[in-house]
1. Where residues in the range 11-31 are in contact with a helix residue (DSSP H, G or I) (Cβ under 9 Å, 6 or more places away or on another chain) and charged (D, E, K, R), which of them is modelled with the lowest pLDDT?
2. Given the criteria among the hydrophobic types (A, V, I, L, M, F, W, C), assigned to a helix (DSSP H, G or I) and modelled with pLDDT under 85, does Ile87 qualify?
3. Please work out which residue is nearest to Asp46 (Cα to Cα), limiting yourself to the range 25-34 and to residues that are surrounded by 10 or more Cβ atoms within 10 Å (Cβ to Cβ) and of a type outside the set (Val, Ile, Thr).
4. In this structure, does Asn64 turn out to be assigned to a helix (DSSP H, G or I) and either at positive phi or modelled with pLDDT of 85 or more (or both)?
Amino acid sequence: MKQGDRNTKKFHSTLKWRRARNELHDIVENGQWCVDKEVVKDKVRDFFKSRFVGEEDFQIRMDNVSFNSIFGEDNKMLVGDFSEEEIKEATV
């Protein structure tokens, strides 16, 4: 796996094994094991939704922070196209 993903039987069997190992088939709900596929999906979705949805009242304020800005020619250079000469200079 570290050497790349050559399209070999060993590579595909390793992936198949990892997928099977990483699957979640059942979950504990209220002290009881639940094996219903839809309930497991819903519980996992709810868990991650609650972990990654931020609270609305918590916001970082950055009113007194100043950032350096890029203007004019510097901006044009950064967003503009490269010439063939610039590409040759970069590869030397």
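The values are calculated or read from the model by the stated rules, or taken from the named source; none is laboratory data. Remember, it's a predicted structure, so these values are computed and weren't measured experimentally. Every residue, glycine among them, receives a Cβ derived from its backbone with ideal geometry; neighbour counts consider all protein chains shown.
1. Our first condition is that a residue be in contact with a helix residue (DSSP H, G or I) (Cβ under 9 Å, 6 or more places away or on another chain); within the range 11-31, this holds for 24-27, 29.
Within this subset, residues satisfying the condition of being charged (D, E, K, R) are 26, 29.
Values: Asp26: 87, Glu29: 82.
Looking at residues that are in contact with a helix residue (DSSP H, G or I) (Cβ under 9 Å, 6 or more places away or on another chain) and charged (D, E, K, R), I get Glu29.
2. Numbers: among the hydrophobic types (A, V, I, L, M, F, W, C): yes; assigned to a helix (DSSP H, G or I): yes; modelled with pLDDT under 85: yes.
Taking the combined requirement at face value, the residue satisfies it.
3. Step one: of the range 25-34, the residues surrounded by 10 or more Cβ atoms within 10 Å (Cβ to Cβ) are 26-27, 29, 34.
With the extra rule that they be of a type outside the set (Val, Ile, Thr), the set shrinks to 26, 29, 34.
Numbers: Asp26: 15, Glu29: 13, Cys34: 15 Å.
Among those residues, the one meeting the criterion is Glu29.
4. Working: assigned to a helix (DSSP H, G or I): no; either at positive phi or modelled with pLDDT of 85 or more (or both): yes.
When the stated conditions are applied, Asn64 does not pass them.
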